[in-house]
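The next block holds one structure in the form of structure tokens; read it before the comments.
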Amino acid sequence: MLDKLTGIFTLSESEKKKFKKIEEALLERYPVGEDPWGLNVNKARNSLKKIYPIYKHYFKVRVFGKENVQDRPYMVTSNHTGQIAIDGMLLSTAFVMDIFPPRILRPMVERFFTALPFIAPWAAEGGSVLGDRTNALNLLKKGQSVMVFPEGVKGIAKSTPDYYKMKPFTRGFYRMCAATKTEILPIAIVGAEEFFPYVYHPRIIQKALGLPALPLSLNYFPLPSPVDIHIGEPIKIPEGLDQDSPDKDIDEQVFKIEKVIKDLIDEGIKMRRPFFANQKGPKK
Amino acid sequence: MISLKDVKSILIIGAGGGLAKLTASLIAQKFPEISIHGVDPRDTDFLVRKENIKYQRMKYTRGNFERLFREKSFDMVLHLGRLSHAQSDQASLSKRLDLNLMGTSKILELCLKQQVKKVLIMSTYHVYGALHDNPVFIPEDYPLKASIKYPELRDVVEMDQIATNWMWKNQNQIETIVLRPCSIIGPQIKNTMSQYLTTPYVPVPIDFNPMFQFIHEFDMAKVIIKCLDRVPTGIFNVAPDEVISLRDAKDHLGVPYLPAPIFILEQAAKIVKMAWSFPDYFINYIKYSCIIDNSELKKHIGEEFCRFGPKETLELLKLD
């Protein structure tokens, strides 16, 4: 039992070798020091050293569709699940550890997040930035890949009956892609909903307290639900669309992306591994 | 557009400050034919005199400025005399309101009346405020939010707004430049940031680590000269490309500090204020980043306008 527990936090010899190779590639690709948003490759590497064993042995992450990722900047666009942003952390880890060449995604975080002591600077050192148009545009122009969850807090903070149902995407991310002609990389994360399988959000109380979410859950420590990350084919911005295009034209494209991700989720559910708390797909 | 070659005389307001002294020396060295007249309410006896630099100790009153502009004519005016908001008591607030707001308005009015050709006004990046939802690379047209949380910064924001409104209103008659520099540090600058960086055992937040842009006083003085020489009317952020986090800056300086959570710092600041003038707003600037965009200025003075990066700037501060 103890061996099993310590095994979660340690890497095997082959994993250690892989990690070392990735570290070298990261240091070659990113300048040492800090960037204006606070990314510090050395500190990010140290965090990754702690996260990777959990990614590998606790959440047992599998990545599908790696062949769709080229060495160029993308707007990495995913569904958002799991009550807290563990899915974002796993997706970031996947793009460093399981996709070559490794790249540090720049997750766009909610405004309240950047005011959180300890967590905000730690996340910034790992690459996260405030979800603001100026930030996204500047990062894309600098050739970095930005990670967005266009469902926002509404997507992540769902009650159990709504699991794997996507909330409508906002348009902002698409306008930023249109402005910079950045391709969208659709992602579906399957398995993160079951980190907290039985959750209820009392919306009235949450609104009265002015909180972004108020999850009442049977567990407050994430369960080891196996996670699959499905990467779809990149979606180009059609000719003639720019950041000032009418909402109607933007919505049309956003719906298409939603549909692509929805299809990836549905396919992913069919392929997922059994877990006792699965709300969709096989149970152990 | 007027350039320094066409200028015969320059007035520097706030000439006793470190940056003003440096700027005056550089202008005097490069353009010996320009006569520089510096005014400051502080003692000017200790200032190094040169043939073409004259200093005058002068209280900033309406009458004194009117007399100065009546008796002398200036082609350019450098307003570097913003009263620092390093002290936050009520008496200094009224003094600041008087000088920063009323004084600036009067100076600008006189410049127009006396047909000054170019005015440069030194504002600060503090006008944007240090807020958790600040984007990185704040452009010049971003809202000035500094006074939302700290009313003590209201005079700083209002002075900036007076200057910019006046600038656009009179753009056909007089060239005006408003500069919003990042933290200027250097051996001659004695601002809150320089003191905070170099003082040992000051508390540094462990739960936040904002990014900073530091410009060396020498680079800043050179930017001012370039602006006088070849930059047209407008508002410009001044900052180098490189950034450094607060803790890295402290580590780089090798000055010991006390790591503490920000809520303890906020309480400690109230006690520290009794002995040492410590502005309330400063807590937020060591909590959240306020990184400004320098691309507008680069269009006019080129990409490489800073000789020193943040680490070199800190090295030079260490030598002091």
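So if the hydrodynamic radius of chain A is defined as the Kirkwood radius over C-alpha pairs, what does Stokes-Einstein give as its diffusion coefficient at 10 °C and 1.306 mPa s, in µm² per second?
Values: Rh = 19.5 Å.
D, rounded to a whole number, is 81 µm²/s.
Please arrange B:Thr198, A:Thr81, A:Thr10 by counting, for each residue, the other beta carbons lying within 10 Å of its beta carbon, fewest first.
Working: B:Thr198 17, A:Thr81 28, A:Thr10 10.
The most exposed by this proxy come first: A:Thr10, B:Thr198, A:Thr81.
In whole angstrom, how far apart do the alpha carbon centroids of segment A:95-133 and segment A:208-284 sit?
Rounded to whole Å, the Cα centres lie 19 Å apart.
Going through the cross-link list A:Lys142/A:Lys280; B:Lys59/B:Lys118; A:Lys141/B:Lys169; A:Lys165/A:Lys284; B:Lys145/B:Lys318, which pairs have a Cα-Cα distance over 29 Å in this structure?
Values: A:Lys142/A:Lys280 40 Å; B:Lys59/B:Lys118 23 Å; A:Lys141/B:Lys169 35 Å; A:Lys165/A:Lys284 23 Å; B:Lys145/B:Lys318 33 Å.
Where the Cα-Cα span goes over 29 Å, the pairs concerned are A:Lys142/A:Lys280; A:Lys141/B:Lys169; B:Lys145/B:Lys318.
So which aspartates and glutamates can A:Lys60 reach, going by Cα to Cα under 14 Å and dropping same-chain residues fewer than 8 places off?
Candidates past the 8-residue exclusion: A:Glu15, A:Asp87, A:Asp98, A:Glu194, A:Asp228.
Gaussian network model of chain A, Cα springs within a sub-10 Å range: biggest mean-square fluctuation belongs to which of A:Leu216, A:Leu130, A:Leu48?
A:Leu216
Classify the protein assembly as shown from the C-alpha gyration tensor, please: rounded if a/c falls under 1.5, else prolate or oblate depending on whether a/b exceeds b/c. Don't skip to the end; give the middle numbers.
On the way: a/c = 2.36, a/b = 2.10, b/c = 1.13.
The shape class here is prolate.
For the protein assembly as shown, what proportion of DSSP beta bridges, expressed in % and rounded to the nearest 5, is antiparallel?
On the way: 11 of 62 bridges.
DSSP beta bridges in the protein assembly as shown are roughly 20 percent antiparallel.
With the Cα gyration tensor of segment B:123-256 giving a ≥ b ≥ c as the square roots of its eigenvalues, does the rule (a/c under 1.5 for rounded; else a/b larger than b/c for prolate; else oblate) give rounded, prolate or oblate?
Numbers: a/c = 2.26, a/b = 1.57, b/c = 1.44.
Note, shape of segment B:123-256 comes out prolate.
Checking understanding here: applying a Kyte-Doolittle mean of at least 0.5 and a length along the axis of at least 15 Å (C-alpha), which whole DSSP H helices in chain B pass?
B:18-30, B:262-275
Given the -39500 (n - 2.57) contribution per DSSP H run of 4+ residues, what per-residue ellipticity at 222 nm results for chain A, rounded to the nearest 500 deg cm²/dmol? List each step's numbers first, then the result.
Details: 10 runs with 111 residues, N = 284.
The helix-only estimate for chain A comes to -12000 deg cm²/dmol at 222 nm.
Between A:Arg111, A:Arg273, A:Arg45, which gets the highest mean-square fluctuation from a Gaussian network model of chain A, Cα cutoff 10 Å?
Of A:Arg111, A:Arg273, A:Arg45, the Gaussian network model singles out A:Arg111 as fluctuating most.
Using helices alone, what [θ] at 222 nm do you get for chain B, with -39,500 (n - 2.57) per DSSP H run of 4 or more residues, divided over all residues and rounded to the nearest 500?
-11000 deg cm²/dmol
So, with +1 on the Cβ of K and R and -1 on the Cβ of D and E, and no other charges, what is the size of the charge dipole of the protein assembly as shown about its Cα centre, to the nearest 20 debye? If you can, show how the numbers build up before the last one.
Values: 82 positive and 70 negative charges, 109 e Å.
Roughly 520 debye for the protein assembly as shown.
Taking B:Lys149 as the anchor, which lysines have their alpha carbon closer than 20 Å to its alpha carbon, excluding any fewer than eight residues away along the same chain?
Straight-distance partners of B:Lys149: B:Lys270, B:Lys273, B:Lys287.
For segment B:46-71 and segment A:59-88, what is the centre-to-centre distance using only Cα atoms, to the nearest Å?
Segment B:46-71 and segment A:59-88 have Cα centres separated by 65 Å.
Compute the whole-percent fraction of alpha carbon pairs in segment A:1-97 spaced more than 19 Å apart. Don't skip to the answer; put the middle values down first.
On the way: 2368 of 4656 pairs.
Counting every Cα pair in segment A:1-97, those more than 19 Å apart make up 51 percent.
Alpha carbons only, please: Rg and Dmax for segment B:133-188, in angstrom.
Gyration radius and largest Cα-Cα distance of segment B:133-188: 13.7, 39 Å.
Below 14 angstrom from the Cβ of A:Ser225, what's the summed charge of the other residues (Lys, Arg +1; Asp, Glu -1)? Mind dumping the intermediate values first?
Numbers: positive: A:Lys60, A:Arg62, A:Arg272, A:Arg273, A:Lys280, A:Lys283, A:Lys284; negative: A:Asp87, A:Glu193, A:Glu194, A:Asp228.
So the surrounding residues net to +3.
Of A:Phe169, B:Phe208, A:Phe118, how do they rank once you tally other Cβ atoms within 10 Å and put the fewest first? Don't jump to the answer; show the numbers that get you there.
Working: A:Phe169 22, B:Phe208 26, A:Phe118 12.
Going from sparsest to densest Cβ surroundings: A:Phe118, A:Phe169, B:Phe208.
If you count, for every residue in A:135-144, the Cβ atoms of partner chains within 10 Å of its Cβ, what is the mean?
On the way: counts 4, 1, 2, 4, 1, 0, 0, 0, 0, 0.
Whole-number average of other-chain Cβ neighbours for A:135-144 is 1.
Which one of A:Thr182, A:Leu209, B:Thr44 has its Cα pushed farthest toward the positive end of the charge dipole of the protein assembly as shown, where Lys and Arg give +1 and Asp and Glu give -1 at the Cβ?
A:Leu209
Of the beta bridges DSSP finds with both residues in segment A:60-271, what % are antiparallel, to the nearest 5?
Details: 7 of 22 bridges.
Percentage antiparallel, nearest 5: 30.
Rounded to the nearest 0.05, what FRET efficiency is calculated for B:Glu304 and B:Arg67 with R0 set to 51 Å and r the Cβ-Cβ distance?
On the way: r = 43 Å, r/R0 = 0.84.
Calculated value: 0.75.
Per residue Cα convex hull volume for chain B, in cubic angstrom? Each step should come with its number before you reach the end.
Numbers: hull volume 40.8 nm³, N = 320.
Spelled out: Cα convex hull of chain B, divided by residues, is 128 Å³.
What's the average, rounded to a whole number, of partner chain beta-carbon atoms within 10 Å of each residue's beta-carbon in A:119-132?
Numbers: counts 1, 6, 11, 2, 0, 6, 2, 0, 0, 0, 2, 6, 2, 4.
Mean number of neighbouring Cβ atoms from other chains: 3.
Which of these, B:Arg180, B:Arg67, B:Arg154, has the largest mean-square fluctuation under a Gaussian network model of chain B (Cα springs below 10 Å)?
B:Arg67
Summarise the partner chain shielding of B:204-214 as one whole number: the mean count of Cβ atoms from other chains within 10 Å of each residue's Cβ.
Working: counts 0, 2, 3, 7, 8, 10, 3, 7, 0, 1, 0.
What the average comes to for B:204-214 is 4.
For A:Arg133 and A:Leu5, what does the FRET efficiency come to when R0 = 41 Å and r is the distance between their Cβ atoms, rounded to the nearest 0.05? It would help to have the intermediate numbers written out before the result.
Working: r = 44 Å, r/R0 = 1.08.
That gives a FRET efficiency of 0.40.
Find how many whole Å separate the alpha carbon centroid of segment B:1-36 from the alpha carbon centroid of segment A:141-172.
56
Is there a pair in A:Lys167/A:Lys270; B:Lys30/B:Lys50; B:Lys50/B:Lys190; A:Lys167/A:Lys256; A:Lys16/A:Lys56 whose C-alpha atoms are over 19 Å apart, and which pairs would that be?
Details: A:Lys167/A:Lys270 21 Å; B:Lys30/B:Lys50 13 Å; B:Lys50/B:Lys190 23 Å; A:Lys167/A:Lys256 14 Å; A:Lys16/A:Lys56 12 Å.
Flagged as over cut-off: A:Lys167/A:Lys270; B:Lys50/B:Lys190.
Stretched out fully, how many nm does the piece from A:Ile119 to A:Ala25 gain, at 0.36 nm a residue minus the Cα gap? Intermediate results must be reported in sequence, preceding the final value.
Details: separation 94, 0.36 × 94 = 33.84 nm, distance 2.65 nm.
Working it through step by step, the gained length comes to 31.2 nm.
Every number here is computed from the coordinates shown, using simple stated rules; none is lab data. Predicted, not measured: the structure shown is a model, and the values here were computed from it. Cβ: placed from backbone, ideal geometry, glycine included. Neighbour counts: every protein chain shown.
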